[in-house]
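What follows is one structure encoded as structure tokens, with my remarks underneath.
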Amino acid sequence: TSYSLFCADAKTKAHIREELSGKTLSERSQILSKLWESMNEEQKLPYKEQQSKLRSSYEKEMEKYRASLAEWKRQITCAQHLPHHGVNQVGKEPMKPKRFPTSYSLFCADAKTKAHIREELSGKTLSERSQILSKLWESMNEEQKLPYKEQQSKLRSSYEKEMEKYRADLAEWKSQITCAQHLPHHGVNQVGKEPTKPKRFPTSYSLFCANAKTKPQIQNELRGKSLTERSQILSKHWESMNEEQKRPYQEQQSKLQLMYETEMKKYRTDLAEWKRRISYIQHFPQHGTSLMVKEPTKPKRFPTSYSLFC
């Protein structure tokens with residue numbers, strides 16, 4: 001802290017060393033505390049600036065440390081669960097994308113680059129800086145906030161794409177872990193990749209929202225609004241539409257639903273086959289899948305009279 005930096009510096013000065021000489025630890029602390037309290041803001045400023053620089057350096061080191069620690073823990077986990085394969089066969093765990101910043105945090109980062117705001121923040125504590133920036137943000141009108149909100153919106157879109165890829169990569173990595181855990185002598189190679197579950201079809205309302213965002217008049221209406229406000233605007237547009245206007249979206253949903261059901265049927269069959277291969281190799285590790293015969297397919301249950309009517 002700025003106070004501990006002052007204490008370290010004070011102990012190098014001859015007149016303070018003489019004052020502290022022969023005193024107990026408690027007495028030394030009281031003397032230094034009184035000296036610190038007697039100083040004005042201008043005298044404390046060098047220590048506060050030094051603290052600010054050291055904090056920035058610490059935050060960078062902490063970010064690097066967290067990444068290194070996550071990788072180290074992953075290697076430990078792999079070595080524990082996969083003694084025959086270790087880290088090499090399953091590869092590195094996918095890194096979760098960093099969440100997008102809010103419009104307010106983007107404003108704060110930008111504000112700190114401006115000379116007059118830097119002067120106002122200089123020598124202030126973290127709490128005081130937050131209060132100053134918060135008051136500046138609250139004093140701004142919607143037009144002034146708009147660039148930060150638009151930047152946030154772009155970063156959110158980019159983040160959502162990265163998250164979609166991350167989830168797919170993570171599912172694949174976990175599938176490889178599962179294979180290597182249960183099949184130490186065969187690993188991922190013989191059973192193949194776990195089937196990917198199809199993405200659920202969108203509703204007619206979500207199809208309308210995706211289409212509405214491409215129209216200039218609605219784009220202007222949504223610009224600079226928060227996620228909640230956008231949802232409310234689109235919801236009102238949807239409710240104001242009649243059945244004839246909603247029909248194209250409902251028909252599109254029906255088509256996508258049929259495609260999804262077909263894909264899900266294939267997915268369930270492929271998943272059952274994949275699990276059967278794993279089960280077979282577990283019980284017959286010497287043979288693998290070479291002697292495997294196809295498991296009989298369970299007949300589909302007969303429909304009820306009501307479902308036949310439907």
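The values are calculated or read from the model by the stated rules, or taken from the named source; none is laboratory data. This structure is a prediction, so every number in the text was calculated from the model and none was measured. With ideal geometry, Cβ positions are generated from the backbone for all residues, glycine too; neighbour counts draw on all protein chains shown. Heads up: the accessible areas ignore ligands, DNA and RNA and are worked out on the full protein's heavy atoms, side chains in. Shrake-Rupley method; radii C 1.70, N 1.55, O 1.52, S 1.80 Å.
A few notes on this one:
- Here Y166 and Y306 are evaluated by their C-beta separation; at R0 = 30 Å the FRET efficiency comes out at 0.10.
- Rolled with a 1.4 Å probe across the full set of protein chains, the surface gives M140 an accessible area near 40 Å².
- Of all aspartates and glutamates in the structure, the ones whose alpha carbon falls short of 15 Å from that of K213, not counting any fewer than 8 places away in one chain, are E150, E221, E229.
- Each Lys or Arg adds one and each Asp or Glu subtracts one; over the other residues with Cβ under 15 Å from the Cβ of Q30, this totals +1.
- Modelled spin labels at L20 and K96, positioned 7 Å past Cα toward Cβ, are 4.4 nm from each other.
- Solvent-accessible surface (1.4 angstrom probe) belonging to E221, in square angstrom, nearest 10: 80
- Computed extension gain for K197 through T113, at 0.36 nm per residue and net of the alpha carbon distance, reaches 25.6 nm.
- Distance-filtered residues of region 102-137 - backbone nitrogen under 17 Å, label point 7 angstrom along M39 Cα→Cβ: 122-126
- Residue-level accessible surface for S235, protein heavy atoms, 1.4 Å, Å²: 40
- Residue ranking by accessible heavy-atom surface, 1.4 Å probe, largest first, among S240, S231, S33 comes out as S240, S231, S33.
- Electrostatic bookkeeping for Y159 treats Lys and Arg as +1 and Asp and Glu as -1; over the other residues with beta carbon under 12 Å from its beta carbon, the sum is +4.
- Members of K197/K275; K23/K48; K265/K298; K199/K266; K96/K161 lying beyond 21 Å, as alpha-carbon distances in this model show: K23/K48
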